[in-house]
Structure formats: C-alpha cells, structure tokens
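Encoded as structure tokens, the structure appears first; notes follow it.
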C-alpha cells in the first residue's frame with residue numbers, strides 16, 4: 001500500500017498553536033483564581049483580626065459613650081445601618097423601578113437615551129459630593145442631622161443602580177408577552193404592572209441587592225449627615241442621627257485599643273451584605289419555583 | 001342565533017353563496033399601511049363577514065400579518081407605523097377620533113404565531129383579562145367555560161394551579177385561545193396560529209376553529225394553503241407587487257369563497273400561487 005501524501009501527525013504550526021492555546025487558558029484560570037483569592041484573603045484576615053472581639057456582648061450591647069477604651073458593642077450600629085439602608089431602599093427601589101419603566105416602556109428613544117445618561121452620570125458622582133449636597137440642602141431646611149438625611153444620600157447612590165439593572169431586565173421581557181396582554185384590551189400601564197414587571201422580578205431583585213450592598217458599605221456621605229454630634233449611642237429613631245457599622249469602623253480604627261473591634265465590625269458588615277444577597281437569591285429561587293419557569 | 005346556525009349548515013352543504021345575507025363585520029376601504037416611508041400594504045378593500053372563517057394567504061412579506069393587525073389596532077404598537085383609508089368595524093371607523101385602541105382590542109381578540117402564555121398558572125392566564133377588565137363575578141365558571149370552549153378543560157382541570165409554561169406547545173396555544181375567549185370578544189384574529197405546532201396540535205386547533213365560528217367571527221392568517229382550504233369559508237389572497245423602484249408592497253389580489261379560490265381562481269397570480277408556480 002502506498003504512503004499517503006499527507007500526514008495526520010501534529011505539525012510544528014499546530015504544536016505552536018496548541019502551546020499558545022494552553023498558555024492563554026492557564027492565564028485565564030490564574031486570573032479567576034486570583035479574584036477568588038483576593039476575596040478569601042480579605043474575608044479571612046478580617047475574620048481573623050476581628051475574632052477576638054466577636055462575642056455575645058459585642059452584639060447585644062450598645063456603644064460606650066466618650067473615649068472609653070472598652071468601646072462597648074455594636075448593637076445599635078447594626079440597627080442604625082439597617083434603618084439607614086432600609087429607608088434608602090424604600091425610597092430608591094420604587095423610584096428606580098419607575099424610572100426604569102419610563103425608560104424601557106414609555107419614553108421615546110431620544111428621551112430614553114437622555115435619562116439613561118443622567119443615571120450613568122449620577123452613578124459616577126463621588127459619594128462624598130452627594131453627602132455634601134444633601135447636607136447643604138437638607139440641613140438648611142431641616143436644621144439638624146438625622147438618619148433620614150443619610151438615607152436620602154444613600155438613596156441617591158442606589159437609584160441609578162436599581163434603575164439601570166431594572167431597565168436592562170425589562171428589555172429582556174419578550175415583547176410577545178406585552179402583545180398578549182395588550183391584545184386582551186388591557187391598557188399599557190396595567191400590562192407593564194401585571195405582566196412586564198413580574199417577569200423581570202429576578203433582575204430587579206438582583207439589582208436592588210447590589211445597590212443595598214453598595215449603600216451598606218458607604219461611609220463618606222454619612223460622616224456629616226448622621227455621625228457628627230451623635231448624642232446617644234442607643235437610638236433607633238430615624239429622625240435622630242444614628243450610628244452605623246461603617247462609621248463604627250471609621251471611628252474605632254483610630255483608637256489602637258479598639259482596632260480589634262473595628263475588624264469585628266467590618267466582619268459583621270460583610271456578613272450583613274452576604275446575608276442580604278443570600279436572602280434575595282433565596283426569595284428569587286422560591287418565586288421561580290412557584291412559576292415553575 | 002338559530003337562523004345563523006342553519007345558514008352555516010346550508011352553506012356547508014355546498015349551496016352558494018357562502019356570504020348570503022350575512023352582515024359584514026369589517027369593511028376595509030382603501031387601507032394602506034406605511035412603516036416609516038415604506039409602503040407595506042397598498043389600498044386594500046375587503047369585507048369580512050360575521051360567523052365565517054376568513055383566511056388570508058399569500059407569500060412571505062406580502063403584508064398578511066400587517067393587514068390582520070390593522071383589524072384590532074395592534075399596528076399602533078409598531079413605532080412609525082401609519083395607516084390611511086378606513087377600517088370600519090360594525091360601521092364604526094376603528095381609526096376615527098375618540099376610538100380607544102384598548103376598547104377595540106377588548107372586542108377583537110388575537111391569537112399569535114408563537115404561543116405566548118404568561119408565566120403564571122393555567123388558571124391565572126385565563127383569569128388575567130377577566131380580573132383586569134372587571135369581569136370577576138363567577139370567575140371560576142368563566143375560566144372553566146373558556147377552557148372548555150378551547151377544548152383544553154379535560155387536559156388541565158386537575159392542575160389549574162400549575163404553571164402554564166409546563167404545557168406542550170399545542171396546549172399553550174389552546175390556552176392562549178381560552179385566554180382570548182374568556183373576555184368575550186366578538187371577533188378573534190389568528191396570526192398564523194399553528195405555524196409553530198406539530199400536525200396533531202394543528203389539527204386540534206383547526207377543529208377548534210370550526211367550533212368557534214358558531215359564536216365568533218374568525219380571521220386567520222396562514223402560510224399553509226391546505227390549512228386555509230380546510231378551515232376557511234372565505235379566502236383572501238395577498239400578493240407582492242414590485243414597483244419600478246424595486247420596492248415591494250402587499251396588495252389584495254383576489255377575495256372569494258374558499259372553494260372558488262382553490263378550484264377556479266379568477267386571477268392568474270392566485271392560480272400561480274396555489275398551484276405552486278410562485279411563492
């Protein structure tokens with residue numbers, strides 16, 4: 001039998017291509033590992049450094065007044081954070097969803113473009129600027145610091161995140177569903193409310209969770225809106241200035257004796273964010289299961 | 001009601017004409033639709049009669065779907081779409097001043113090419129329109145009646161709470177028909193209702209249409225000529241006309257009783273199309 005005129009063995013060119021391919025694959029895996037490693041290192045070192053202060057008292061006591069080297073617990077910082085972020089979410093979520101509905105369902109294309117750009121710019125404003133702005137505007141009227149003012153600043157930070165995430169999922173809702181509802185003689189608004197938004201609930205929830213995580217971690221806009229002049233460390237009234245986890249980290253870290261507690265508070269904050277996103281995922285999974293889709 | 005039923009049976013027995021003294025539900029007069037500058041259908045004139053099934057056939061891009069969507073103002077939803085001429089529904093100009101598209105669509109229902117159930121339960125899919133339109137009394141009975149009319153009740157009665165997305169394509173399409181029937185329209189428009197379905201589901205939908213024409217006026221757009229021949233009393237053939245500047249527009253070539261269209265068409269273009277020489 002004659003030798004065939006071609007070879008099916010690996011040629012040099014192919015060997016080189018395979019090498020490049022393998023190298024690029026390795027780089028990609030490395031980058032992924034690095035990302036996970038950074039997270040792991042941060043979580044582990046925060047937990048490790050804060051571990052000494054993580055006991056029952058830390059969670060059940062309020063902060064000590066003045067410069068007590070003991071420092072006390074973070075109960076009301078947790079409560080304050082929850083109040084601040086909770087009120088901010090109550091403002092930003094409905095507003096953000098409405099803005100998204102305007103952009104994706106109602107606005108003519110050129111207005112939608114302008115609104116989208118405005119949101120992106122808002123998203124880019126440094127949070128300290130938002131803090132100063134709310135401080136000047138609100139203090140002038142209200143005359144005193146309050147958690148509400150802090151929540152307002154956080155809501156401004158959350159709004160573009162919620163709106164943009166929602167808008168993107170609204171665009172993914174198939175137009176055949178809108179048609180189905182409109183063809184039944186249902187108005188556009190009812191269709192949006194009853195068909196489009198529920199179909200996009202998953203994305204809205206994800207966007208809101210991200211925004212909550214972002215707001216919970218904000219310090220800058222809170223500094224002069226709710227932290228300066230905190231008179232009581234055991235308060236949950238949103239009309240008073242309240243403590244928050246980020247502010248506790250900020251103030252404790254300055255005092256060498258309280259640094260362990262600052263780490264512990266940081267750990268609590270991370271868990272807060274983690275639980276929020278887990279809860280949202282769980283709620284979503286349950287909702288999806290109900291729909292069977 | 002009795003009189004009409006008798007007339008249909010007489011018509012079915014082969015006595016002509018099919019239309020007889022039937023009332024025209026739709027009268028389209030010089031209807032042209034533009035998408036931006038593009039003329040999609042040109043000067044369509046047609047009467048569509050009560051309690052008949054009217055099929056609209058023709059090659060792709062001839063404006064069949066565009067035309068059927070003018071009948072319940074779904075054309076409004078296309079940005080840049082414009083209509084000239086008149087579409088009269090029981091004598092009222094659908095595009096006249098003060099006519100609300102939402103009200104129009106409540107009376108003139110539509111079933112689409114791809115089954116599009118809501119991601120809700122089977123029950124809620126049918127109840128959706130009823131709840132929103134305020135037809136809440138006897139909701140359960142209304143839902144059951146609609147599902148029975150759509151020949152779906154026996155298959156789903158034990159799992160009304162299950163998601164509609166778990167149904168087969170054919171069942172989903174019948175659910176969409178039930179959803180349309182539930183709000184008690186007078187006309188149901190079918191935009192290629194079986195083109196995404198297998199032959200068995202298709203035949204179920206066709207049988208269903210025969211049942212439905214007793215109570216409703218039906219208009220169906222279809223790609224499938226055999227389907228038109230099987231279900232329709234009247235058939236309109238839309239063709240493509242190429243203008244000197246190469247732009248294409250849909251025109252109504254011929255409209256007649258289905259049997260005439262398929263056995264003895266008056267227009268050469270119809271004959272070419274149904275004998276497969278074109279399209």
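The values are calculated or read from the model by the stated rules, or taken from the named source; none is laboratory data. All figures in this text were calculated on a predicted structure; none of them were measured in a lab. Positions of Cβ are generated from backbone atoms using ideal geometry, with glycine treated the same way; all protein chains shown enter the neighbour counts.
Residues checked against (1) closer than 22 Å to residue B:218 by Cβ; (2) modelled with pLDDT of 95 or more:
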position	(1), (2)
B:31	yes, yes
B:36	no, no
B:42	no, no
B:53	yes, yes
B:58	yes, no
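The set of residues in the range A:263-291 that are touching a residue at least 24 places away in the same chain (Cβ under 8 Å) and under 19 Å from residue A:54 (Cβ atoms) comprises A:263, A:264, A:265, A:266, A:267, A:268, A:269, A:270, A:272, A:273.
Here residue A:83 meets the list (1) more than 30 Å from residue A:134 (Cβ to Cβ); (2) touching a helix residue (DSSP H, G or I) at 6+ places or on another chain (Cβ under 7 Å) almost entirely, failing just condition (1). Of the residues examined, residue A:94 is one that is modelled with pLDDT of 90 or more, assigned by TED's automatic domain parsing to the domain that holds residue A:251 and surrounded by fewer than 12 Cβ atoms within 10 Å (Cβ to Cβ). Filtering the range B:131-155 to residues that are within 14 Å of chain A (Cβ to nearest Cβ) and either closer than 22 Å to residue B:113 by Cβ or in contact (Cβ under 8 Å) with a residue 60 or more places away in the chain (or both) leaves only B:146. Checking each residue in the range A:162-181 for being within 14 Å of chain B (Cβ to nearest Cβ) and buried (at least 24 other Cβ atoms within 10 Å of the Cβ) picks out A:180, A:181. The residues listed here are A:218, A:167; of these, the one that is touching a helix residue (DSSP H, G or I) at 6+ places or on another chain (Cβ under 8 Å) and not in a helix (DSSP H, G or I) is A:218. Among the residues of the range B:224-238, are any part of a strand (DSSP E or B) and over 10 Å from residue B:55 (Cα atoms)? Yes, some residue in the range B:224-238 is part of a strand (DSSP E or B) and over 10 Å from residue B:55 (Cα atoms).
Does the range B:116-125 contain any residue that is closer than 24 Å to residue B:222 by Cα, more than 9 Å from chain A (Cβ to nearest Cβ) and touching a residue at least 40 places away in the same chain (Cβ under 8 Å)? Checking the range B:116-125: not a single residue is closer than 24 Å to residue B:222 by Cα, more than 9 Å from chain A (Cβ to nearest Cβ) and touching a residue at least 40 places away in the same chain (Cβ under 8 Å). Within the range A:188-202, is even one residue closer than 30 Å to residue A:245 by Cβ and either within 14 Å of chain B (Cβ to nearest Cβ) or part of a helix (DSSP H, G or I) (or both)? For the range A:188-202, residues closer than 30 Å to residue A:245 by Cβ and either within 14 Å of chain B (Cβ to nearest Cβ) or part of a helix (DSSP H, G or I) (or both): present. Taking the listed residues B:162, B:100, the one that is out of contact with any helix residue (DSSP H, G or I) (no Cβ under 8 Å at 6 or more places or on another chain) and either within 11 Å of chain A (Cβ to nearest Cβ) or touching a residue at least 24 places away in the same chain (Cβ under 8 Å) (or both) is B:100, with no other qualifying. Here the range A:137-155 is the region considered, the condition is being surrounded by fewer than 21 Cβ atoms within 10 Å (Cβ to Cβ) and assigned to a helix (DSSP H, G or I), and the residue that is modelled with the lowest pLDDT is A:142.
Residue A:159 - would you say it is part of a helix (DSSP H, G or I) and away from chain B (no Cβ under 14 Å)? Against the criterion (part of a helix (DSSP H, G or I) and away from chain B (no Cβ under 14 Å)), residue A:159 qualifies. Annotation: of all residues in the range B:55-86 being under 17 Å from the mean Cα position of the chain (by Cα) and at positive phi, the one that is farthest from the other protein chains (Cβ to nearest Cβ) is B:58.
When residue B:205 is tested against (1) buried (at least 18 other Cβ atoms within 10 Å of the Cβ); (2) within 13 Å of another protein chain (Cβ to nearest Cβ); (3) closer than 22 Å to residue B:54 by Cβ, just one condition goes unmet, and that condition is (2).
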